[in-house]
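See structure below.
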């Protein structure tokens, strides 16, 4: 399982938006004045978003096991 997160505080938003343009599975969407993580479950762990983010606002990690949120 892969967990992807976007730290909105560190993200420059649509002024940058590089993650939205490089992601091959369109995990990020630019809406109005922000970048939104819309499809984190489809992440393929290519790390392209990590490479282009100037503020390290994105974290992507591979985890093993089952995650329970309830």
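Computed from the coordinates by the stated procedures, all read-outs in this text should not be read as laboratory data. Everything quoted here is computed from the prediction, not taken from an experiment. Don't worry about glycine lacking a Cβ; one is built from the backbone with ideal geometry, like all the others, and counts go over all protein chains shown.
The table below gives the values:
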item: Conditions (1) surrounded by 13 or more Cβ atoms within 10 Å (Cβ to Cβ); (2) outside any loop (DSSP other than H, G, I, E, B); number of the one not met by residue 5; result: (1)
item: Residues within the stretch 20-64 that are outside any helix (DSSP H, G or I) and free of Cβ contacts under 8 Å to residues at least 60 places away in the same chain, tallied; result: 31
